[in-house]
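Read-outs: derived from the displayed coordinates by stated rules, not from any lab. On a predicted model such as this, the values are computed, not experimentally measured, just so you know. Positions of Cβ are generated from backbone atoms using ideal geometry, with glycine treated the same way; all protein chains shown enter the neighbour counts.
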Amino acid sequence: MISFDVDGTIFRQPCLRQTSHLLGFGNKWDQYDAMYKKGRISLRDRLVSHYKLLNGISLADVIGEVSKVQVMKNLRETVLKLQGHQIKVILLTDLPDFVCLYLIERFGFEGYVASRVGVKDGHITDEIEPLPDKRLGLRKYSAWTGIPLSRCIHVGDSLNDVPVFRIVGYSVALNAKPAKVKALASYQMETDDILDFYRHLQALS
C-alpha cells in the first residue's frame, strides 16, 4: 500500500489556505497558522479552528476553488500504473475528507485517512473530527485492511509526515523543505511530475 500526503505532495500549494483567501476569510485562516507556529495552540486546535471557518459555506464553492489549485503532473497515470501492480493507493492527510473524495473522483485513489468534516444539504457544517496524528490514522487503516505497515510506503513533504516515515517500510520526502523531513525519509526527491516517483520504485525492484 502507498499513502500520499495531500498539501505540498499532491497539491503544489496548501489547497484550503488558497481557497480561504479566494473566498474572503484568508486573514483569519493565517492567524490560526501563526498561533500554531508560536506554540499558542495545538495542531488539533488549529485544525478545528480552520475547519470551523468553513461552516455554512457551500461545498461546491469550496471544491470549485480547490480544483483551481495546481497539482503534480501525471497523477492519474501514476495511480493507474501503481494499481496495475496490485498496489492499493490512498491519501493520508489532516485535510477534510471532502477534499479526499474530490481527489478520488478526479485521480482514482482508492481510499483515504483524513479529518472528518460534516456536510449537510450541500453545505459544510461544524461537525469536525480532526486527524492531528496521521501515524495513528495509518495504524488503524493498516489494521482494517490487513496490510502490515512494513509493506507500506508513505510519500510526504512536511514535519507531520515524519512520524509516519518512522513506522512504514519505506518513505519518500517529495519536494520537502524541512531538513528533518529529508533526513528521516528513506529517499528524497524534487520533481513536479509524480511519475518520477513511480520510476524510482521501478528502479528499486
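Short-range pairs are left out: with C-alpha atoms under 8 Å and at least six residues apart, the relative contact order of the chain is 23 percent. Most tightly packed first, judged by the mean number of other beta-carbon atoms within 10 Å of their residues, the peptides 42-51, 23-32, 149-158, 76-85 read 149-158, 42-51, 76-85, 23-32.
Of the beta bridges in the chain, as assigned by DSSP with both residues counted there, near 25 percent are antiparallel. Extension gain, K182-W144: 0.36 nm per intervening residue step, less the Cα-Cα distance, totals 10.7 nm. Taking 0.36 nm per residue of separation and subtracting the Cα-Cα distance, full extension of the segment from H200 to K73 would add 44.2 nm. Rounded to whole Å, the principal axis extents of the Cα atoms in segment 71-136 read 39, 28, 20, largest first. When shorter helices are ignored and each DSSP H run of at least 4 residues is given -39500 (n - 2.57), the per-residue value for the chain at 222 nm works out to -12500 deg cm²/dmol. Of all aspartates and glutamates in the structure, the ones whose alpha carbon falls short of 18 Å from that of K182, not counting any fewer than 8 places away in one chain, are D5, D7, D157, D161, E190, D192, D196.
Taking the DSSP bridge list for segment 92-205 and keeping only pairs wholly inside it, about 30 percent are antiparallel.
When you restrict to C-alpha pairs under 8 Å that are six or more residues apart and normalise by the size of segment 1-98, the relative contact order lands at 50 percent. R0 = 22 Å: FRET efficiency of I63 with D30, Cβ-based, nearest 0.05? The computed FRET efficiency comes out at 0.55.
Dipole magnitude for segment 1-56: about 200 debye, using +1 per Lys or Arg Cβ and -1 per Asp or Glu Cβ, origin at the Cα centre. For K52 and H85, a Förster radius of 41 Å and the Cβ-Cβ distance give a FRET efficiency of 0.50, rounded to the nearest 0.05.
Straight-line cross-link partners of K180 among the lysines, defined as a Cα under 22 Å from its Cα and at least 8 positions apart when in the same chain: K37, K38, K134.
Running Debye on segment 1-149 with equal point scatterers at the Cα sites and no solvent, what base-10 log of I(q)/I(0) appears at q = 0.11, 0.15, 0.19 Å⁻¹? For segment 1-149 at q = 0.11, 0.15, 0.19 Å⁻¹, log10 I(q)/I(0) is -0.43, -0.80, -1.23.
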